Each structure stands twice: as structure tokens, then as C-alpha cells.
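Below: the structure, in C-alpha cells.
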Amino acid sequence: MKNTMIYLTLALLTGALIPIQASTNAAFSKSTGNPLVTGLMVFVVGLAAMAVLAVTMRVNWPTLQQLSSAPVYGYLGGIIVATYVVMITILVPRIGVGTAIGLIVTGQILCAVAIDHFGLFSVQVRSIDLGRLAGIILMIIGVYFVMRK
């Protein structure tokens, strides 16, 4: 249980980084004048940070054969995160951090439940039940209240 609480806390803290990133990207975009340039700069800094971590932690690099045997959809992560970074940079100044993140999180929950239900991307099937359906409805209601002025 102790390890579970640590992971739950880490997940919560990681989630708290998302609106911070959204806000800092929007502010940075004012300086760059372009959300694509902002996204590119964010990825350059991220690449440098990941490279430093990988080198200092002495990670075991996969072979080309291991990389080529990975499912093609495994490489979609880069496109997905690039889309997220550019879109959040565009959305925050227009609809606000709370609304943007609320809608994004709701979209994540809807997609996550569908992925679980259908076992997409090789995940274990976890069918939609009344509890999960209630959670989805509550998320939508919550976003409605966050969006209200």
C-alpha cells in the first residue's frame, strides 16, 4: 500500500505540471510570436533534459532490432505530444487554463475508458461499468462548472 500511495502522489503531482506547462507555453508564445516555434523550443529543451538524464543514469539503449520490432503505434507518442504542446499553447490565451485543462482531461478520460473497454494498443480489457460511466458524467458536469463565468 505504501508504494501505491507514492505512485498515486507522483501521478497527482505530475498532473499538476500540466496546467503549469500550459501557462508557461502560452507566455513563451508571446515572446516567440508563434505556437509552432514555441513547441519546437519546448521540445529542444525537453530533448536536452532527457539526453542529460539518459547519459547520467546510464540507461541501456535498445538495439536497432528492438526498435524495429516495436509496434508502429508506439512511435505516435511524439506526434501526439507535439499536437498537445501546440494546441495548449493556442488554447490557453483564448479559453483560459481551467477550461482548456478541464476539456483536455475530460477528453483523456473518455479516450482512456474507450481504450480500456476495447483493449486497444494491447492493454488489458477493462469494461465500462456504471461506476466508470458515472465518473465520465461527473467529469463532464465538472468541466461545465469550470467553464462558467
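The values are calculated or read from the model by the stated rules, or taken from the named source; none is laboratory data. If you're wondering where the values come from, they're calculated on a predicted model, not measured in any experiment. In this analysis, Cβ positions are derived from the backbone assuming ideal geometry, glycine residues included, and neighbour counts consider all displayed protein chains.
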Scan of segment 119-134 for residues that are surrounded by fewer than 13 Cβ atoms within 10 Å (Cβ to Cβ), without any contact (Cβ under 8 Å) to a residue 40 or more places away in the chain and in a helix (DSSP H, G or I), ordered by number: L120, L130, G131, L133, A134
Which numbered condition I115 fails, given (1) under 27 Å from T24 (Cα atoms); (2) of a type in the set (A, V, I, L, M, F, W, C); (3) touching a helix residue (DSSP H, G or I) at 6+ places or on another chain (Cβ under 7 Å); (4) not assigned by TED's automatic domain parsing to the domain that holds A16: (1)
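Residues that are touching a Ser or Thr at 6+ places or on another chain (Cβ under 9 Å), at least 3 per element: which helices (runs of 4 or more DSSP H) completely within segment 1-84 meet that?
On the way: elements: 2-32, 35-56, 64-68.
In segment 1-84, the matching helices (runs of 4 or more DSSP H) lie at 2-32, 35-56.
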Checking A16 against (1) under 22 Å from G102 (Cα atoms); (2) surrounded by 12 or more Cβ atoms within 10 Å (Cβ to Cβ), the condition it does not meet: (2)
Residue under evaluation S31, criteria (1) under 19 Å from the mean Cα position of the chain (by Cα); (2) free of Cβ contacts under 8 Å to residues at least 40 places away in the same chain, criterion not met: (1)
Unmet requirement for V72, which otherwise passes all of (1) farther than 19 Å from A22 by Cβ; (2) touching a helix residue (DSSP H, G or I) at 6+ places or on another chain (Cβ under 9 Å): (2)
Residue, modelled with the lowest pLDDT, within segment 35-74, restricted to residues that are exposed (fewer than 11 other Cβ atoms within 10 Å of the Cβ) and of a type in the set (S, T, Y): Y73
Filter result for I104 (part of a helix (DSSP H, G or I) and under 12 Å from the mean Cα position of the chain (by Cα)): yes
Residue within segment 92-100 that is out of contact with any Lys or Arg (no Cβ under 7 Å at 6 or more places or on another chain) and assigned to a loop (DSSP other than H, G, I, E, B) present: yes
G96 at positive phi, at pLDDT 90 or above and surrounded by 12 or more Cβ atoms within 10 Å (Cβ to Cβ): yes
Residue match in segment 48-70 (condition: touching a residue at least 24 places away in the same chain (Cβ under 8 Å) and aromatic (F, W, Y)): no
